[in-house]
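The values are calculated or read from the model by the stated rules, or taken from the named source; none is laboratory data. These numbers come from a predicted model, not from an experiment. Heads up, the Cβs are rebuilt from the backbone with ideal geometry, glycines too, and the neighbour counts pull from every protein chain shown. Just the protein is used for accessible areas: all its heavy atoms, side chains included, with ligands, DNA and RNA removed. Shrake-Rupley method; radii C 1.70, N 1.55, O 1.52, S 1.80 Å.
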Amino acid sequence: MHYAIIAAGEGSRLVQEGVAVPKPLVDLDGRPMIRRLIDIFASYRPESLSIIVNEQMTAVREYLESIAGELPFPLHLTVKSTPSSMHSFYEVSRNFESGKFILTTVDTIFRQPDFARYAEAFDNDSDADGCFGVTDFIDDEKPLYVDVDADGFISAFRDAPDGNDRYISGGIYGLTAPGLKVLEQCMERGVSRMRNYQRALVEAGLRLRAFPFPKIVDVDHAGDIATAKAFINEEN
């Protein structure tokens, strides 16, 4: 399995709220947030890891360079500022080889056992073009609502609820080669934002299986750090 982490955001809201450490280096359980995510990925058949950070995050780049030699798989580091997470995805996708890959943003916090079940399900799934983590725990400022059909496949992504919503997107994207083709088409058409790329996947007819996570936490504000720490402590 190939993995990728988008850590190219500026973390401006955390800075405005008094958090001096760059978001990827925020300590949640004795490790920087990004190291916890790397360790989770390392637990399930990693072939490579690709990470993108923005040009201003010198401390994050230096940290990743310092640990690269101790990782038991190749680390492909891209340093580039991009206009959106979809553009960041495109940058790291250039490192993907054949096979399946899983992408998350650095501030997507989930439990390792839940991720292990998800990764194994995606690895063993021969019917789907992708497998996306979804959750019925809604604690996001602008959630992306997910419609799931009776067979467990995603039929739509919506910005607003319609009263029959069960899941939102969890920011965990498992994809195969057809997903990269759609990504290239989105770039050519000038599409922006990850949620619009997700809609394009459905419009292109890709079969995206929804995998429910009990809970996923996003770290967008200073107060979310305490929430994430408490969530992780529940696992421990």
Report, by residue number, each residue of region 70-93 that is farther than 19 Å from residue 58 by Cβ and either among the charged types (D, E, K, R) or in contact with a Pro (Cβ under 8 Å, 6 or more places away or on another chain) (or both).
70, 72, 73
Checked region 54-90 for anything open to solvent by less than 40 Å² (accessible area, probe 1.4 Å), over 14 Å from the mean Cα position of the chain (by Cα) and touching a residue at least 40 places away in the same chain (Cβ under 8 Å); matches are 54, 57, 60, 82
In this structure, does residue 50 turn out to be within 13 Å of the chain's Cα centre (by Cα) and at pLDDT 95 or above?
yes
Members of region 153-170 found to be assigned to a loop (DSSP other than H, G, I, E, B) and surrounded by fewer than 16 Cβ atoms within 10 Å (Cβ to Cβ), listed by number
159, 160, 161, 162, 163, 164, 166
Hey, could you check region 128-143 for residues that are assigned to a loop (DSSP other than H, G, I, E, B) and modelled with pLDDT of 95 or more and say which is least open to solvent (accessible area, probe 1.4 Å)?
128
Would you confirm whether or not region 185-200 contains a residue that is closer than 26 Å to residue 31 by Cα and not in a loop (DSSP other than H, G, I, E, B)?
no
Is there a residue in region 183-198 that is closer than 27 Å to residue 226 by Cα, in contact with a Gly (Cβ under 9 Å, 6 or more places away or on another chain) and either touching a residue at least 24 places away in the same chain (Cβ under 8 Å) or among the polar types (S, T, N, Q) (or both)?
yes
Quick check on region 214-223: of everything there that is surrounded by fewer than 20 Cβ atoms within 10 Å (Cβ to Cβ) and in contact with a strand residue (DSSP E or B) (Cβ under 9 Å, 6 or more places away or on another chain), which residue is farthest from residue 104 (Cα to Cα)?
214
